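Engineer: Sharing a structure, written as structure tokens. Questions coming.
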Amino acid sequence: MIKAAVTVLVLCAVLSCSDDTAVMAELDRAEAVMEEYPDSALALLDTLDRGRLTTREARARHSLLYSQALDKNWIELTSDSVISPAVKYYKKHGSPDYRLKTQYYLGCIFRNAGDREEAMEHFVEAERYVDRATDWQAVGRLYSAKRTIYFDIYDFEKSYRDALLSAEYYSKSGDIPLMVKAMTNAAYCAYFLDNYKTADSLLNEVRDKYWDAASITNKSTYFSSSLYMAVKTDSSAVKRILNEYLQTITDPEEMDWSAVANIYRMSGNLDSALWALERYPLAYPDYENEPQYLLLSSLIYEDLKQYDKAYASLKKYSDIVGDEDIDKFEADTKFIEERYAHENAAIRHRNTVVMIVFGTVTALLMAALTINSLRNRIKIARLRAEQERLEAERKLQYLENFNKKLLQEKDTLTEMLSNSSLSDNARQSVNDMITTVTGLLSAKASGTDSDVINIVNQKMEQLAENRNRFVLSVMLSYAAAHPLFTAALKERGLSDWETGYCCLYAMGLRGKDIGNLMGGSHSHHNRASVIRSKLGLTGHDTNLGRWLLKFAKETENGGQHTAI
């Protein structure tokens, strides 16, 4: 009986080992076809009897491969129940590749659930294994996922960095189509950083070296990025690029209709712009909730003078973007807070373990524990001191820049008081603005950084109100002296405020001076662009200030002026 029992046990052990080997071989086959035939990999994993997964390693590997197969077949998981065995096992076991993939796909699950913070935490955890990983394609996907999240929260510098890393690792893996996709994404990020030279270089490299390997989606991204680049750097090439885009990309679902519609709109071809806008749903079925579509729709309908539709689109755009921006900026802040808290928690945990272990040994080891604890405290103190130093430098730079703008604005306002055409109300508005600016300069000279920041926050609204009142006062006083000029501007659709803005030009102020008065060159450029559009001026026409001076003379002389 003893011999029989031993024989049975040996046979069970042999059969068990044999079945474990067979199970691992089946998992090997599923992994081998995962990239090229993900549907076949999912089928193999589905047909595998779960009862044969008798070891922790087998269950962990099956759960990781199954999560991977679902992701590659566009079946989005929003719960970690499937990948949980892999997370538990690969936390302490397995190769760097399996550990990286486990954290990556766990991050994808949280991303699918809309939790960017938790997703990024696991992507950062996966990044710990990059230096020891050998699956370059998996590393490329990791950096591509990070790039997407950083882009969504408007951190274009980090998004650009991770796009380049993604392209580098896809290149190492030999996957040229994915490398091309990463390069076009990097060019798109560079465009948003106003780094047009780098963006153009990346796009040219795609076109010259990898065009045949690029997918239809990659080529569409290339053309849409090239269109936006051409608008900024070479407007003469826009028409050629657009025609080539429409001829090359024949699948409407792959076309960036927003780029096409916007180019048509900017060129004044509103019928074609509306035609492209109506095709936007082909690529984005949920177009009614797409901020890009809503904003573009508002602009096109406004140009078509269909103001009800323009307002409805703009209202919905504002509601959606407002909520999204709050979430994104909160997410960005939370990333920083969570990383800092995570570092402190890791330090505290390490100290606790050291104290428990060293509490049982000799006084010499206790001394070592004390030294280690002091080092950690010094490290934390240095981190905090560095953060405080950087924050102080940021505040100082902000105040210096703000001070320069205030000095420029004060000089411009003081010079304007010498203009005899200003009414008493306009002069009072100028004096009010000078008083506010002088108060801010005095605070900069005598107060602490915190005092100045508080004063700036309190007086910015007052300064904005003074500026608006000043522009309206200029319009009223100028209308009394030059009624034909102001009436002609209003006939072209300009508001009272915009008319007053034009009067500043007619009084001889330069665009730079007006920009200083209105709070910065960026807002001035946007306002000037709107006014140029209403006056019928294009990007190739004369300077707005010279045009308005000429227009003022012609209207006062009774001449008829036609926009260039």
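The values are calculated or read from the model by the stated rules, or taken from the named source; none is laboratory data. What you are looking at is a predicted structure, and each value in this text was computed from that prediction instead of being measured. With ideal geometry, Cβ positions are generated from the backbone for all residues, glycine too; neighbour counts draw on all protein chains shown.
Engineer: Looking at 95, 81, 67 in this structure, which one is surrounded by fewer than 23 Cβ atoms within 10 Å (Cβ to Cβ), under 16 Å from residue 142 (Cβ atoms) and modelled with pLDDT of 90 or more?
Structural biologist: Numbers: 81 fails: under 16 Å from residue 142 (Cβ atoms); 67 fails: surrounded by fewer than 23 Cβ atoms within 10 Å (Cβ to Cβ).
Being surrounded by fewer than 23 Cβ atoms within 10 Å (Cβ to Cβ), under 16 Å from residue 142 (Cβ atoms) and modelled with pLDDT of 90 or more holds for just one of 95, 81, 67, which is 95.
Engineer: Looking at (1) of a type in the set (S, T, N, Q); (2) closer than 30 Å to residue 40 by Cβ; (3) in contact with a helix residue (DSSP H, G or I) (Cβ under 7 Å, 6 or more places away or on another chain), find the lone condition where residue 148 falls short.
Structural biologist: Looking at each condition in turn, residue 148 falls short on (3).
The rows are residues; the columns are (1) farther than 23 Å from residue 262 by Cα; (2) crowded, with 24+ Cβ neighbours inside 10 Å; (3) within 22 Å of the chain's Cα centre (by Cα).
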site	(1), (2), (3)
169	yes, yes, no
176	yes, no, no
182	yes, yes, yes
192	no, no, yes
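Engineer: Tell me, please, whether a residue that is under 21 Å from residue 103 (Cα atoms), surrounded by fewer than 24 Cβ atoms within 10 Å (Cβ to Cβ), of a type in the set (A, V, I, L, M) and out of contact with any strand residue (DSSP E or B) (no Cβ under 8 Å at 6 or more places or on another chain) can be found in the range 147-159.
Structural biologist: Looking through the range 147-159, at least one residue is under 21 Å from residue 103 (Cα atoms), surrounded by fewer than 24 Cβ atoms within 10 Å (Cβ to Cβ), of a type in the set (A, V, I, L, M) and out of contact with any strand residue (DSSP E or B) (no Cβ under 8 Å at 6 or more places or on another chain).
Engineer: Next question, about the same structure. With the requirement that a residue be among the small types (Gly, Ala, Ser) and in contact with a Leu (Cβ under 7 Å, 6 or more places away or on another chain), what does the range 501-510 give you?
Structural biologist: At the first step, the residues of the range 501-510 found to be among the small types (Gly, Ala, Ser) are 506, 508.
506, the sole residue that qualifies.
Engineer: Of everything in the range 470-512, what is without any contact (Cβ under 8 Å) to a residue 40 or more places away in the chain and hydroxyl-bearing (Ser, Thr, Tyr)? Give them in sequence order.
Structural biologist: If the condition is that a residue be without any contact (Cβ under 8 Å) to a residue 40 or more places away in the chain and hydroxyl-bearing (Ser, Thr, Tyr), then 486, 495, 499, 501 are the ones that fit.
Engineer: Name the pairs whose Cβ atoms lie under 6 Å apart, with the first residue in the range 130-153 and among the β-branched types (Val, Ile, Thr), the second not in a helix (DSSP H, G or I), and 6 or more positions between them or separate chains?
Structural biologist: Correct list of pairs: 139/133.
Engineer: Select from the range 205-261 the residues that are of a type in the set (A, V, I, L, M) and not in a helix (DSSP H, G or I) and write down the one among them that is modelled with the lowest pLDDT.
Structural biologist: Here is the first cut: in the range 205-261, the residues of a type in the set (A, V, I, L, M) are 206, 213-214, 216, 227, 229-231, 237-238, 241-242, 246, 249, 255, 259-261.
Keeping just the survivors that are not in a helix (DSSP H, G or I) gives 214, 249, 255.
Numbers: 214: 86, 249: 89, 255: 90.
Looking at the filtered set, the residue picked out is 214.
Engineer: Does the range 285-295 include one or more residues that are among the aliphatic types (A, V, I, L, M), buried (at least 18 other Cβ atoms within 10 Å of the Cβ) and under 24 Å from residue 154 (Cβ atoms)?
Structural biologist: Step one: list which residues in the range 285-295 are among the aliphatic types (A, V, I, L, M), which gives 294-295.
After this cut, where a residue has to be buried (at least 18 other Cβ atoms within 10 Å of the Cβ) as well, the list is 294-295.
Adding the requirement that they be under 24 Å from residue 154 (Cβ atoms) leaves 294-295.
Scanning the range 285-295, I find at least one residue that is among the aliphatic types (A, V, I, L, M), buried (at least 18 other Cβ atoms within 10 Å of the Cβ) and under 24 Å from residue 154 (Cβ atoms), so the answer is yes.
Engineer: Next question, about the same structure. Within the range 544-557, count every residue that is surrounded by 13 or more Cβ atoms within 10 Å (Cβ to Cβ) and closer than 19 Å to residue 512 by Cβ.
Structural biologist: Summing the residues that are surrounded by 13 or more Cβ atoms within 10 Å (Cβ to Cβ) and closer than 19 Å to residue 512 by Cβ in the range 544-557 gives 5.
Engineer: Still on this model: Can you name every residue in the range 478-508 that is under 17 Å from residue 468 (Cβ atoms) and of a type outside the set (Gly, Ala, Ser)?
Structural biologist: The answer is 478, 494, 496, 497, 498, 499, 501, 502, 503, 504.
Engineer: Restricting attention to the range 99-147, report how many residues are within 19 Å of the chain's Cα centre (by Cα), polar (S, T, N, Q) and at pLDDT 95 or above.
Structural biologist: 1
Engineer: Taking the conditions exactly as written (over 19 Å from residue 126 (Cβ atoms) and in contact (Cβ under 8 Å) with a residue 24 or more places away in the chain), does residue 46 satisfy them or not? Show your work before the answer.
Structural biologist: Values: over 19 Å from residue 126 (Cβ atoms): yes; in contact (Cβ under 8 Å) with a residue 24 or more places away in the chain: no.
Judged against the criteria, residue 46 is not a match.
Engineer: Select from the range 159-199 the residues that are small (Gly, Ala, Ser), within 18 Å of residue 141 (Cβ to Cβ) and either at pLDDT below 90 or assigned to a helix (DSSP H, G or I) (or both) and list them in ascending order. Talk me through it step by step, then tell me what you get.
Structural biologist: Our first condition is that a residue be small (Gly, Ala, Ser); within the range 159-199, this holds for 159, 163, 166-167, 171, 173-174, 182, 186-187, 190, 199.
Then drop every residue that is not within 18 Å of residue 141 (Cβ to Cβ), which leaves 159, 163, 166-167, 171, 173-174, 182, 186.
Residues satisfying the conditions are 159, 163, 166, 167, 171, 173, 182, 186.
Engineer: While we're here: Considering only the range 543-564, state which residues are at pLDDT 75 or above and either hydroxyl-bearing (Ser, Thr, Tyr) or in contact with a Ser or Thr (Cβ under 7 Å, 6 or more places away or on another chain) (or both).
Structural biologist: If the condition is that a residue be at pLDDT 75 or above and either hydroxyl-bearing (Ser, Thr, Tyr) or in contact with a Ser or Thr (Cβ under 7 Å, 6 or more places away or on another chain) (or both), then 555 is the only one that fits.
Each row is one residue, and each column tells you yes or no for (1) in contact with a His (Cβ under 8 Å, 6 or more places away or on another chain); (2) modelled with pLDDT under 70; (3) exposed (fewer than 15 other Cβ atoms within 10 Å of the Cβ).
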| residue | (1), (2), (3) |
| --- | --- |
| 446 | no, yes, yes |
| 456 | no, yes, no |
| 467 | no, no, no |
| 487 | no, no, yes |
| 498 | no, no, no |
| 507 | no, no, no |
| 541 | no, yes, yes |
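Engineer: Moving on to the next point. Only one residue in 490, 553, 534, 512 is out of contact with any Lys or Arg (no Cβ under 6 Å at 6 or more places or on another chain), of a type in the set (D, E, K, R) and closer than 26 Å to residue 299 by Cβ, so which one is that? It would help to see each step written out before you state the result.
Structural biologist: Details: 553 fails: closer than 26 Å to residue 299 by Cβ; 534 fails: out of contact with any Lys or Arg (no Cβ under 6 Å at 6 or more places or on another chain); 512 fails: closer than 26 Å to residue 299 by Cβ.
Only one candidate passes the filter, namely 490.
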